[in-house]
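Here's the structure, in structure tokens; my notes come after.
The values are calculated or read from the model by the stated rules, or taken from the named source; none is laboratory data. Values in this document were obtained by computation on a predicted structure and should not be read as measured data. Positions of Cβ are generated from backbone atoms using ideal geometry, with glycine treated the same way; all protein chains shown enter the neighbour counts. We work out accessible area using only protein heavy atoms, side chains counted, and drop any ligands, DNA or RNA first. Shrake-Rupley method; radii C 1.70, N 1.55, O 1.52, S 1.80 Å.
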Amino acid sequence: MRTDIFARLDREPEPPKIEPPRMSSTRTALFGGTLAFYVVIVAAVLTNSWLVALDWRTMLFRPYQQWPGLHAFLDYFVVLGQRGPTAVMIAAWLGWRSWRQHTLRPLLVLGTSLLLLNATVGAVKLGLGRQGPHYATQIGSPELFSGGDIFPSGHTANAVVTWGILAYLATTPQTRRYLSLGSSALSLGVGATTVYLGTHWVSDVVLGWAAGLLILLAMPWFEPMIGRAELAIFGVRDRWRAYRRAAARGPAAPGDVHTRPPRLPGGGDEDQARKQVGTARAGRGPVGGGAAAAGTCPPGGPGTGALTQSRTHHPVRSEHSPITPSGTRRPPQSRQVTGG
């Protein structure tokens, strides 16, 4: 017996009407404030300020040595911030949701956010080239432009984006509130874990949080592009289905009713109709003494007009038999006798 929980897992009969988030004034203000905070963190690291000193103090404190009992658990917990595993888990869930709701928007939103994450965070990583705590060579140095790719933290930014997308795609305010709290706690935990393990500076994690939040706040700007992409993909799908249906039907059979010639009221086919039309046209020629030339109907009635016209078309033959020489009528070459 089915319960209401399992009934809600079935595919919906038609796509639900879900309004995508818009770029409201509150969201715009949050985006501007987060962007300013992002610039301040980058400037603090570039100028070797107090933030770099905090990075070194935390690194020399070595949290993984202060609390070694947490190391085994946090080694597995930090996987929730890696790009590959989290993308696969979230894509599987959103793929099922796309199938259930007859829409590609969840998957397209995830793909767009990951592309923005790779472009923005990757560009800053390669541009600043900061080394991580395990590869630092000079105490007190920001370790910039040294060929590294640690600033900002990719684990932290990825955790903010991938788990935050679930809250962004929520359909009810209550669900969005719960998912926002859960994704925030998870991304904070992943960032703190990288500092505990010594793989990131504190400033790396702080900038990673800001980078991921900027992407989530900017997603409403990309909703029109996502809608156009969804319509284009569905259009290609519909054309492909129509092509496959036409190919499955194949060419018409020889005995198909659509390939037969049109039938006449009297039961004749197209060839017979052509013959009768040609005979009627020939009977209207200048033939002397015929009924067609006189413009009168033949004695047999209207049904024998075509037959009478066809007979009057030919010249009248003599009633006497033709005079031919006596003897056989076989050609001479047939009388040759073969040898033997």
Quiz item: How large is ³J(HN,Hα) for each residue in segment 176-186, as worked out from phi by the Karplus curve 6.51 cos²θ - 1.76 cosθ + 1.60 (θ = phi - 60°), to whole Hz, x for Gly and Pro?
Solution: 5, 5, 5, 5, 5, 5, x, 5, 5, 5, 5
Quiz item: Which whole-Hz couplings ³J(HN,Hα) result when phi for each residue of segment 11-18 is put into the Karplus expression 6.51 cos²θ - 1.76 cosθ + 1.60, θ = phi - 60°, listed in order with x for Gly and Pro?
Solution: 6, 6, x, 8, x, x, 8, 10
Exercise. For a quick protection proxy, order the peptides 15-23, 73-81 by their average other-Cβ count within 10 Å, most packed first.
Key: 73-81, 15-23
Quiz item: For segment 220-225, what does the Karplus curve 6.51 cos²θ - 1.76 cosθ + 1.60, with θ = phi - 60°, yield as ³J(HN,Hα) per residue in whole Hz, taken in order and with x for Gly and Pro?
Solution: x, 5, 9, 5, x, 5
Exercise. Evaluate the Kirkwood expression for the hydrodynamic radius of segment 27-82, namely the inverse of the mean inverse distance over all pairs of different C-alpha atoms, and round to one decimal in Å.
Key: 14.2
Self-check item: With every protein chain in place, segment 168-253: carbon and sulfur % of accessible area (1.4 Å)
Solution: 67
Practice problem: Give the peptides 40-51, 57-68, 192-203 in descending order of average Cβ contacts within 10 Å, highest first. | Solution: 192-203, 40-51, 57-68
Quiz prompt | Relative contact order %, segment 91-197, counting alpha carbon pairs below 8 Å whose residues are six or more apart | solution = 20
Practice problem: Measure off, as a whole percent, the carbon and sulfur share of the 1.4 Å-probe accessible area of segment 57-152, all protein chains present. | Solution: 66
Quiz item: What are the residues whose amide H is under 5 Å from the amide H of ALA170, where those residues sit 5 or more places off or on another chain and H is modelled from the backbone?
Solution: none
